[in-house]
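The values are calculated or read from the model by the stated rules, or taken from the named source; none is laboratory data. Please read these numbers as outputs of a predicted model, since none were measured by experiment. No Cβ is skipped: glycine too gets one built from the backbone with ideal geometry, and neighbour counts run over all protein chains shown.
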Amino acid sequence: MTHALTITHADDRPFQGEGLRAFFEYADLKIGAATGGAFGAHVIRAVPGEESPGAWHSHDLDFQLVYVTKGWVVFEYEGAGEHILREGSCVLQPPGIRHREVRHSDDMELIEITAPGDFPTTPEDAPT
């Protein structure tokens, strides 16, 4: 697999509200295009004043890493309960794990890296 050299800067990658969750904005790090879709990476930040509905879901992917760069966010994971992630926290979410974003600070910002870059998300019932 060949990857293209890709460099992005904060001032040339605008945040957009056209992502998976309406309460977040996404800035594409252009990794998908550079890897032919094998990987994806975004900076994700909270939309101030917007709250998460706390909906359970899962992703059909091979790899998902989240690293919090600012603020805090609470995720709940099937079999592991709620975890507050704050600046410097990192989580590797296993493929297919049921999870939900419970709440976050208005200044929350994180980096998400996935494989593949595009993947389906499935609404899920809460674990019992």
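Tally up the residues in the stretch 74-128 that are among the acidic types (Asp, Glu) and more than 14 Å from Ser58 (Cα to Cα), please. Qualifying residue count, the stretch 74-128: 6. Within the stretch 1-22, being in contact (Cβ under 8 Å) with a residue 60 or more places away in the chain and either crowded, with 17+ Cβ neighbours inside 10 Å or aromatic (Phe, Trp, Tyr) (or both) holds for one residue alone: Arg21.
Checked against (1) modelled with pLDDT under 95; (2) surrounded by fewer than 18 Cβ atoms within 10 Å (Cβ to Cβ); (3) out of contact with any helix residue (DSSP H, G or I) (no Cβ under 7 Å at 6 or more places or on another chain), Trp72 passes all but condition (1).
Here Ile31 fits the description: surrounded by 15 or more Cβ atoms within 10 Å (Cβ to Cβ) and either modelled with pLDDT of 95 or more or under 27 Å from Asp125 (Cβ atoms) (or both). Scanning the stretch 34-54 for residues that are farther than 13 Å from Ile111 by Cα, buried (at least 17 other Cβ atoms within 10 Å of the Cβ) and aliphatic (A, V, I, L, M) yields a single hit, Ala34.
Of the residues making up the stretch 76-84, not a single one is loosely packed, with under 15 Cβ neighbours inside 10 Å and farther than 23 Å from Asp125 by Cα. Only residues that are over 12 Å from the mean Cα position of the chain (by Cα) and without any contact (Cβ under 8 Å) to a residue 40 or more places away in the chain were counted in the stretch 71-121, giving 19. Could we say that Thr122 is β-branched (Val, Ile, Thr), part of a strand (DSSP E or B), surrounded by fewer than 18 Cβ atoms within 10 Å (Cβ to Cβ) and out of contact with any Leu (no Cβ under 8 Å at 6 or more places or on another chain) here? For Thr122, the condition - β-branched (Val, Ile, Thr), part of a strand (DSSP E or B), surrounded by fewer than 18 Cβ atoms within 10 Å (Cβ to Cβ) and out of contact with any Leu (no Cβ under 8 Å at 6 or more places or on another chain) - is met.
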